[in-house]
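Reading through the structure tokens given below for one structure.
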Amino acid sequence: MGDPHPNPPSASPSPPSTDAPKLRARSLARSFGRGAKALAALGPVDLDIVPGEFACIVGPSGCGKSTLLRIAAGLLRPSAGELSIRTTAPRPAAMIFQDYGIYDWKTVLANVRFGLDIQRVPRKEADARAHDWLSRIGLAEFAGAYPAALSGGMRQRVAIARALAVEPEILLMDEPFAALDAQLRTILQDELLELTQTTRTTTLFITHSLEEAIVLGDRVLVMSARPGRIIAERRPPFERPRTGDIRSTPEFTALKSELWDLLRGEVRGEAALV
């Protein structure tokens, strides 16, 4: 996965975990269609994500980032290779989509409680956990409201609370802030950073934003143009717990520039295929 670009000088980040991987992919690939018309969308990909790690994947549009995430969620089958999740729970993963994925006909409380209801958690306990997460994300007063009364940022907070309320072993996030304006996106990045540092949930996060990947990630994985392969990885040089203030540091600027240097050719290559 490595390449000749050096990491920018910085303070030492937290060392990588030596635990066995929570998620492992080996020679993972996915194609769409059959025969001569088959389109190779992803792979081969080899990937390990250890418990408690927040891994971000960046890459050009159409490179297979979301395909990888959907395979991890069990929504797609790989065409080749395998992806395994080491788990102790029957439903180990929760997924957050770009379009929120909350239900308009359910109240905010019922949306946050939804996964707990599926798990048949007793209603009293489920309500208590849902209320707790609504308090954590600053939406306690909206428990009885419906999504139509919420802003886009508030809806995405509800989606995050619903995912974390079930205490997933792996959190899968597919560009959850892409539809938001820049200011709100920054706020929600900082809120997610605080939440995930508290829970230490193993997270695989897809994004087009290099800034987002550096702020949130223990590791940033760079994917090639289609079919997507992992061509490089970087570990942001910032200790945890960290805050969004790292955006103003020289190390942040240097790493963002380096990642863009890695991506520029891949983005141009993908554009040439369109």
- Would you mind working out the magnitude of the charge dipole of the chain relative to its Cα centre, with +1 at each Lys and Arg C-beta and -1 at each Asp and Glu C-beta, to the nearest 20 Debye? 920 debye
- Note on the structure: Here the net charge surrounding R219, from other residues whose Cβ is less than 11 Å away from its Cβ (Lys, Arg +1; Asp, Glu -1), is -2
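Length gain on complete extension for the stretch A182 to S79, per 0.36 nm per residue less the alpha carbon to alpha carbon distance?
In short, 33.4 nm is gained.
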- Item | Gyration tensor verdict on the chain (Cα atoms; rounded if a/c is under 1.5, prolate if a/b is larger than b/c, oblate otherwise) | prolate
- Query: In what sequence, highest mean first, do 250-257, 224-231, 33-40, 239-246 appear when ranked by Cβ atoms within 10 angstrom?
  - Reply: 224-231, 250-257, 239-246, 33-40
- What 222 nm value per residue comes from the helices of the chain, counting each DSSP H run with n ≥ 4 as -39,500 (n - 2.57) and dividing by all residues, nearest 500 deg cm²/dmol? -11000 deg cm²/dmol
- Message: Can you list the DSSP H helices in the chain whose Cα atoms extend at least 18 Å along the helix axis and whose mean Kyte-Doolittle hydropathy is 0.0 or higher?
- Response: 152-165
- Task: Take each of the peptides 132-140, 173-181, average the number of other beta-carbon atoms within 10 Å over its residues, and list them starting from the highest.
- Result: 173-181, 132-140
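Laboratory data are not the source of any read-out in this text; all were calculated from the coordinates shown. On a predicted model such as this, the values are computed, not experimentally measured, just so you know. Here Cβ is always computed from backbone atoms with ideal geometry, including for glycine, and neighbour counts include all displayed protein chains.
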